[in-house]
Structures are given as structure tokens and as C-alpha cells.
Amino acid sequence: MKLSNSYFYTIRENAKDEDSISGNLLVRAGMIKKSSSGIYMMMPMGKRVLKKIEDIVREEMDATGAQELLMPVLIPEEVYEKSGRREAFGKNMFAMKDRYQKRYVMGPTHEELFTIAATMKGSSYKDFPYNLYQIQTKFRDETRPRYGLIRVREFIMQDAYSFDTTEEGLHQSYMTTFNAYKRMMDRMGLTYKIVKADTGAMGGSLSEEFQAITPIGEDIIVSCKSCDFCSNLEITEVVDHACDSDEEEKSIEIVETPNAKTIEEVAAFFNKSVNDFVKTLIYKVDGKTYAFLLKGTRELNETKVLKLLNANEIELADFDEVERVTHAKVGFAGPVGIDCPIIMDREVSHMKNFIAGANKTDHHMINVNLKDFTVEQVADIAQVHEGDVCPVCGKELSFEKGIEVANTFKLGTKYAKIFGLEYQDENNKLHPATMGCYGFGLGRAMAAVVEQHHDDAGIVWPTSIAPYTVAIVIVSMKDEEQVRIANELYEELKSLGIDVVLDDRKERPGVKFKDMELIGIPYRITVGRGIKEGNVEFRERTASENEEVSIHDIKEKIVKLLK
């Protein structure tokens with residue numbers, strides 16, 4: 001591409017409405033432009049990057065034997081109602097009606113339609129296994145879009161679905177795509193970890209996430225310093241290593257605690273540790289009110305609660321509901337006499353003579369014990385803390401942040417049973433097929449690469465996905481020899497199949513250099529005054545200095561580097 005007659009621009013100042021490094025740099029580099037909250041235009045330079053990511057994804061999927069198809073964006077809402085996921089997605093789905101008042105949604109994911117498509121193939125066990133995939137736009141009405149392409153309402157995703165007859169076959173198909181995803185991440189130059197995760201609205205028995213490690217990541221990755229344990233914070237077990245206390249149980253006392261509302265204030269009032277306090281949190285889970293009991297230093301893990309109760313939605317109860325079940329102002333909830341079911345974290349089950357709210361304004365209880373109230377369930381509902389012990393080896397856990405770029409699931413027979421995807425075995429008996437599901441976010445991969453590969457000057461693309469591999473910069477458009485040599489070199493590199501951009505704009509050299517650095521071109525050739533001696537300047541994007549190279553050797557050098 002020659003920039004003099006192309007659509008090309010960059011922005012010098014930082015983008016005011018971007019809250020991530022990748023969002024800011026991609027906007028400044030003229031690769032994306034926000035059209036509304038969580039929705040972006042993909043500009044020509046950015047589209048080239050996206051296309052190269054797409055090519056890698058397609059090459060690796062095709063190499064596994066998967067077949068590509070394309071599903072519609074508009075899907076009858078009844079399809080998700082039949083699978084039971086309409087309620088699970090809730091307000092995250094974009095919904096509408098056509099002129100005949102038929103209800104549609106814009107597909108957030110396509111498990112249902114792929115399963116329906118699979119029913120069109122023969123029903124014999126001999127027709128399995130196979131894998132279908134698409135690269136398609138998805139839509140999710142995010143409450144708070146942020147971080148550029150990382151959390152958006154419209155995004156491009158590759159999703160694949162494997163179909164097998166046995167769990168063993170599913171595992172083989174799963175590992176085939178799992179390994180293809182590893183190759184994709186490696187080819188894009190991403191540093192990542194693979195972690196166990198919650199299956200969420202997808203369902204199934206296993207979910208693993210490919211997390212690109214970066215400080216801007218929305219997910220917290222929990223890993224062990226001594227073994228290979230790695231998990232998403234949402235599902236990490238809090239190891240219950242406490243022993244039952246042999247302390248003698250005392251009688252409850254209700255104590256007035258004026259001006260002591262927070263856990264720290266109450267603990268200080270009684271001259272006790274925060275760990276001697278049991279907090280009582282009131283939540284609504286699928287519309288039903290529950291009280292959750294946790295040690296004073298712990299937080300509730302909402303994902304664990306949803307899984308425990310097989311629920312879709314969880315939110316803090318409002319003030320009126322808290323006062324209804326506690327008969328007190330907010331801040332004094334406790335387990336004794338509360339008017340709602342209680343679910344207790346298992347760490348609390350070892351405690352004796354603890355402090356809790358008295359369900360009476362400005363009062364707390366001391367010497368509370370398990371015999372003083374009734375619990376509906378005891379379970380691990382607490383959020384793990386950095387420094388807690390590893391559930392595998394017992395050593396210390398550490399935290400880091402990541403961007404979920406890809407996700408793999410073992411769905412099992414859930415969707416096959418709902419939509420009648422069955423096969424006949426050797427004895428002509430019918431069984432539901434077993435499915436796997438695999439998703440790779442192309443836009444997220446693009447953002448994650450920028451988060452990991454940038455410097456003060458701009459983006460540093462790996463050669464595999466850079467919009468152009470080589471930039472040729474003409475120092476003076478008034479110098480006929482520079483223009484001629486640069487154009488000849490441009491045509492020669494193009495003939496070798498190298499992605500090359502020629503900066504032949506009538507701009508100052510400094511502007512051209514800064515632009516090529518900002519948009520992240522891996523290799524730059526400068527055709528300037530040195531051409532009179534038969535030399536050009538060569539510079540790798542991350543190098544600190546230019547290198548003088550003979551015009552006769554520059555092609556060979558580029559080819560060698562690209563090999």
C-alpha cells in the first residue's frame with residue numbers, strides 16, 4: 001500500500017474516552033474508532049490485523065479437520081427458551097420483534113443452532129465424530145463496556161462445536177481443539193495461562209480459559225508457587241484446614257454497640273480480632289432472600305453461590321428487604337432469629353463464641369455458637385485470598401490478572417437431549433450425542449497483544465499479525481532518486497509476497513517515523529541521503545539504533561528475518 005493515495009491517519013494525543021493502553025493505542029493508530037459505548041468501527045489498518053488473526057484461527061481450525069459454516073445473527077427467542085438459557089442471559093441479550101410481532105434475539109452464542117444443524121446429519125454412530133465452526137459477530141448488552149475491545153457489546157468470535165458418541169471421544173475432540181488454541185495463542189505472540197473456570201450459562205462438566213497475562217485483565221488468575229495448580233478466582237476452593245475448637249461454649253449476650261457498625265469498629269469495641277466476627281450478608285438469589293455467613297475477613301463468592309443453588313441471578317438485598325428479615329437497620333444483621341434461610345461458609349463451622357449482629361439496631365451479640373441458629377446448608381462460599389493455601393499441594397497461592405481470550409467447554413449431552421440430537425448404536429438403541437464447545441475472541445486477542453506488546457512510541461506487533469511487515473519511508477519526496485529507488489524496492493518486496501507499506505506522503509521524516517512506530521510495523525527501511533552511496537537505513541521496531549545496509553543486500557536481509 002502507498003500511503004499517499006490511501007485512507008490513513010494517526011492521532012497524536014491520547015484518546016480521552018479510552019481506559020486501557022490497548023484501547024488508547026488502537027484508536028491513536030487509526031485502527032479502531034468508537035461509534036458508541038462498547039461498539040467500534042474496525043478501520044482499514046485494524047482490519048488488516050484482524051484479518052491476520054482470523055487467518056491464523058482458520059488455518060489452525062482447518063488443520064484439525066473442522067468444517068466452517070456461518071450461522072445467522074437473528075435467532076428466534078424461543079430457541080433459547082427451549083434450552084432454558086433465555087432467563088440465564090437475561091438483560092445481556094439484545095431482543096426485538098419483527099413486523100409480525102415475532103420475537104428475536106441477536107445471538108450471544110450459538111450452541112442451540114449448532115445442535116439443531118447437527119440433527120440434519122445421519123443418526124448412526126458411524127456418522128460421528130465431527131467438528132463445525134464459524135467466525136461470526138456476537139452481541140451482548142454489557143452493563144458497563146470498558147477497556148476498548150476487551151469488554152464490548154459487539155465482537156467477532158470463532159466458536160466451534162464437536163460432536164461425539166462417547167466421553168472418550170469427547171475428550172479426544174476437546175484436546176484436539178484445545179491444542180489448536182494453544183498454537184493460535186503462540187503464533188500471535190501471547191503470554192498466557194490456561195486455568196480451570198466456571199461453566200456458567202454454557203453448562204457442562206469442564207471449562208478452561210486461555211488467559212493472556214496483563215495488569216488490565218478483568219479476571220484474577222490464582223496459581224500456586226510450588227505446583228502447576230491454576231484456576232480462575234471465581235471457582236478456586238478455599239481450603240478448610242481449621243480444626244474444631246475445644247473452647248467451652250458460653251451463653252449469648254446482647255451488647256449495645258453505639259457508633260460501631262463496621263466489622264473493624266465492632267471488633268475494636270470488644271477488643272477482639274476481626275476473625276472473631278461472623279458477618280451476615282443478605283442477598284436475593286433468583287428473587288429469594290438468603291443470609292450468608294462468613295468469617296470477618298472473607299468476602300462472598302457469588303459464582304460459588306449461583307452454582308450451589310443452581311441459580312441464574314444474585315444481587316445484594318435492598319435496605320427495605322434487609323430491615324424486613326432482620327427487624328433492624330442495615331449493619332446489624334446476624335444469624336440468630338433472622339427471617340430467611342441461612343447458608344454458612346464451612347470455615348464458620350469450626351468457630352465458637354463468635355461475635356455477630358444482634359438483628360437489633362445498635363446492638364451485637366457475643367458468644368454466638370452454631371447451636372443458637374439453624375443453617376440450611378454449609379458449603380465453600382468464600383472468596384479465596386492471595387496467600388491462602390493451594391488445594392493441591394498446600395503451598396501459598398498467588399494472584400495475577402488476565403484477559404480471557406479463549407474458552408473451552410465439555411458440554412456433555414445437555415443440548416443434545418433438549419434438541420433431539422441422537423444416534424443409534426450398534427444395537428440400534430438411541431443415545432444423545434456428546435458435545436464440546438470452543439470459543440476464541442479475535443478482537444480480544446488483538447487487544448491482548450497490544451497490552452503485552454507496546455512501548456512509549458506505540459504498538460509493537462509480532463510479525464505474524466502486524467498490519468504490514470515492512471515499512472519503506474522516503475525521506476524527501478523532492479529527491480527523484482529516493483522516490484525511484486523506494487518505489488522499485490516496494491515493488492520487489494511485494495513480488496516476494498511480503499506485506500509492505502510505502503510512506504510516500506509529503507510529510508516531514510520525523511512525522512513518518514513516529515507514525516510507523518505508532519502503528520507498530522516490525523521493520524522499517526528508510527530511503528534517504530545515503531542512497532547516493534547505495535545504502536539505506538534499516539531498523540527493527542524495538543531496536544535503539546538504525547543500521548546502514550546496502551540497497552543490494554536489504555531484500556535478502558528482510559527475507560532472512562521473516563524466515
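Scanning the range 366-385 for residues that are more than 34 Å from the chain's Cα centre (by Cα), surrounded by fewer than 24 Cβ atoms within 10 Å (Cβ to Cβ) and part of a strand (DSSP E or B) yields a total of 2. Against the numbered list (1) open to solvent by less than 40 Å² (accessible area, probe 1.4 Å); (2) free of Cβ contacts under 8 Å to residues at least 40 places away in the same chain; (3) among the charged types (D, E, K, R), LYS478 comes up short only at (1). Only one of the numbered conditions (1) open to solvent by 30 Å² or more (accessible area, probe 1.4 Å); (2) over 30 Å from GLY331 (Cα atoms); (3) not in a strand (DSSP E or B) is violated by GLU404, and that is (3).
Of all residues in the range 1-44, exactly one satisfies the criterion of being assigned to a loop (DSSP other than H, G, I, E, B), crowded, with 17+ Cβ neighbours inside 10 Å and β-branched (Val, Ile, Thr), namely THR10.
Residue by residue, here is whether (1) modelled with pLDDT of 95 or more; (2) within 24 Å of the chain's Cα centre (by Cα); (3) of a type in the set (Lys, Arg) holds:
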position	(1), (2), (3)
ASN428	no, no, no
THR434	yes, no, no
LEU442	yes, yes, no
ASP456	yes, no, no
ILE459	yes, yes, no
TYR468	yes, no, no
VAL475	yes, no, no
ASP479	yes, no, no
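Could you please find all residues in the range 127-148 being of a type in the set (Lys, Arg), assigned to a strand (DSSP E or B) and surrounded by fewer than 19 Cβ atoms within 10 Å (Cβ to Cβ)? Selection gives ARG146 alone. Step by step: first the residues of the range 91-125, then only those that are among the basic types (Lys, Arg) and at pLDDT 95 or above, then the one that is nearest to ALA160 (Cα to Cα). Which residue is that? Among those residues, the one meeting the criterion is ARG103. Residues that are over 17 Å from the mean Cα position of the chain (by Cα) and free of Cβ contacts under 8 Å to residues at least 12 places away in the same chain within the range 122-164 comprise GLY122, LYS126, listed in sequence order. GLY510 satisfies every condition listed in (1) out of contact with any strand residue (DSSP E or B) (no Cβ under 6 Å at 6 or more places or on another chain); (2) open to solvent by less than 70 Å² (accessible area, probe 1.4 Å); (3) touching a residue at least 24 places away in the same chain (Cβ under 8 Å) except (3). Mind listing just one residue for me: the one in the range 281-305 that is open to solvent by 20 Å² or more (accessible area, probe 1.4 Å) and β-branched (Val, Ile, Thr) and, of those, farthest from LEU233 (Cα to Cα)? Here the answer is THR297.
Residue count for the range 69-90 satisfying the condition of being out of contact with any strand residue (DSSP E or B) (no Cβ under 6 Å at 6 or more places or on another chain), open to solvent by 40 Å² or more (accessible area, probe 1.4 Å) and outside any loop (DSSP other than H, G, I, E, B): 5.
The values are calculated or read from the model by the stated rules, or taken from the named source; none is laboratory data. Please read all numbers here as calculations on a predicted model, not as lab measurements. All Cβ positions, even for glycine, are placed from backbone atoms using ideal geometry, and neighbour counts span all protein chains on display. Calculation scope for accessible area: heavy atoms of the full protein, side chains included, ligands and nucleic acids excluded. Shrake-Rupley method; radii C 1.70, N 1.55, O 1.52, S 1.80 Å.
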